[in-house]
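Since every read-out is calculated from the coordinates, none of them should be taken as a lab result. Remember, predicted model here, so these are calculated numbers, not experimental data. Cβ placement follows ideal geometry from the backbone for every residue including glycine, while neighbour counts extend to all protein chains displayed.
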Amino acid sequence: MNDFEVAETAAGAGAHEARTVDVVVIGAGQAGLSAAFHLRRGGLEPDRDFVVLDHAPRAGGAWQFRWPSLTYGKVHGMHALPGMELTGADPARPSSEVIGAYFDTYERTFDLRVHRPVDVTAVREGEDGRLRVETSEGVYAARALINATGTWDRPFWPRYPGQETFRGRQLHTSGYPGPEDFAGKRVLVVGGGASGTQHLMEIADVAAETFWVTRREPVYREGPFGEAEGRAAVALVEERVRQGLPPRSVVSVTGLPLNDAIRDARERGILDRLPMFDRITPTGVAWDDGRTADVDVILWATGFRAAIDHLTPLRLREPGGGVRVEGTRAVRDERVHLVGYGPSASTIGANRAGRAAVSEIRRLLDRERTGVATG
C-alpha cells in the first residue's frame, strides 16, 4: 500500500480530502513520460512533488493497443524518449511489443513511479488556487497540471443516414485486428490518412474485394520530408490551435508519402479512391448518383479527437471547439499545459513539448514560492 492509499484509508471511505502535490501529469505516453523525465531532472520527486497517472493497464501509451501487423519496421518517425535511446529493436516484432517494452524500461530506469490503471474523471477549480484532480484512486490538489492524454481514447465515428441499418460489421481503426479477419470479405475502408491506406493495402491481399472512400481527393507527397517541411507543417497546426480550433489530422497538412508501397498499390488499383458515399444501406453504401457497393465490412479509419473531456469543468474551450494554446500553456489557465496536443502530437513534438511545459511550470512554481503575482 503506497502513502496515498494509507492516507485515503485513514481518512475513511468516501472522504474528499485531497493529497497535495505540485504537479499532476495525466497520461504516460511519449509526451507524459517526457514531461515526467524533465520534472525528475529538475529536482522534483515522484510521489512527493509530482505524480504521473495513466489509465492504461501497462506501460506503452497508445502503442500497446496497435494492431499486430504494424511491426516496428513499419513505424515512421518514432523518436526516442529523452535520456535513453531505443536500440537493437527487431523490425519484424509488433510495434506494440517493442515500444511497450521500451516505455516500461524507461519508467523503471528513471524511477517515474507511474500510477496505473487510474482514471481521471474531472479537473476543476479547487481551494487555495489549486486544481482539484478527481481520479479513481482519490483526489489530488495540484498547483499545475500537464495533460498528456493524446487521442487514442476518442476514436471519431462519422454518422451517415442508414448507418444503424447495416447488417454487416462496422469497426474503427482503434479496434483493427489485422488483415486475417477480413479474408474472403468485401471490405470498405473509409479515410484518407496513413492508417486507412495501411489497412487497405494489407486487407487487399486477403479480401474478396476492397473499396476506398475519402472525403477529399488524396494528396501525395513526393520527395524527402525534411526539417523545413516539418516546421512548415507544424506551423499550420499551431495556427489552428492559436485560433482555438480543434487540431486537424497530420495527413491534412503533410499529405501521404509516395513511397514504393503506395506506388505499387496505386498501380494494382488498390488505391483507386471513390468519393464519400451519401448513405449506408443494409447491404452496403450508396451514392446519390445511383451508384452502390455491397460490402460485408465497413472499416472507419477516420481518426481521433483529443481526449480532454475531463478538463471540461475548467472551461478552457474556445467557441471554435478547441483549446487555445500558446506553446503548451492553455491561454485561459496558465496552470494547465497540454502536451501531445496539436503541433506536439508527433513523437518528436511530444518530447519538446514535455520539456517546454516543465520549464514554464517551474517558473510558475518559483513565482508562487516567492510571492510574485501570477496574473
For A122, distant residues with modelled amide H under 5 Å away: E134
Residue-wise HN-Hα coupling along the range 40-52, computed from phi with Karplus coefficients 6.51, -1.76, 1.60 (Hz; x: Gly, Pro): 4, 5, x, x, 7, 9, x, 6, 10, 9, 9, 9, 10
Sequence-distant residues sharing a close amide H with R221 (under 5 Å, placed H): L256, L258
Label-to-label distance, nm, for residues given as R124 and F65 (7 Å Cα→Cβ offset): 2.6
Radius ratio Rg over Rh of the chain, counting only Cα atoms, Kirkwood formula for Rh: 1.00
Residue order, fewest to most surrounding Cβ atoms within 10 angstrom, among I146, I203, I99, I262: I262, I203, I99, I146
C-alpha long axis of helix 194-203 to longest principal axis of the chain, angle in °: 50
Cut-off under 5 Å, modelled amide H: who pairs with T210 long-range: V187
Debye equation applied to the C-alpha atoms of the range 15-161, log10 I(q)/I(0) at 0.15, 0.16 Å⁻¹: -0.79, -0.87
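How much of the calculated P(r) for the range 58-126 lies past 14 Å, in percent of all Cα pairs?
Result: 64 percent of Cα pairs exceed 14 Å.
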Sequence of S136, S34, S96, S69 once ranked by neighbouring C-beta atoms within 10 Å, starting from the fewest: S136, S69, S96, S34
Average projection area in nm² (convex hull over Cα atoms of the range 96-170, one quarter of hull surface): 8.9
Which of V325, V25, V358, V331 has the fewest Cβ neighbours within 10 Å, and the rest in rising order: V331, V325, V358, V25
log10 of Debye I(q)/I(0), alpha-carbon scatterers only, for the range 26-92 at 0.14, 0.23 Å⁻¹: -0.52, -1.10
Relative contact order for the range 81-136, counting Cα pairs under 8 Å that sit 6 or more residues apart, in percent: 21
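Express the relative contact order of the chain as a whole percentage, based on alpha carbon pairs under 8 Å and six or more residues apart in sequence.
21
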Residue-count net charge about T109 - beta-carbon cut-off 15 Å; Lys, Arg +1, Asp, Glu -1: 0
Cα-Cα P(r), the range 288-341, percent of pairs per 5 Å interval: 4, 14, 21, 16, 8, 6, 6, 9, 8, 7, 1
Euclidean distance between Cα centres, the range 128-158 to the range 313-333, Å: 14
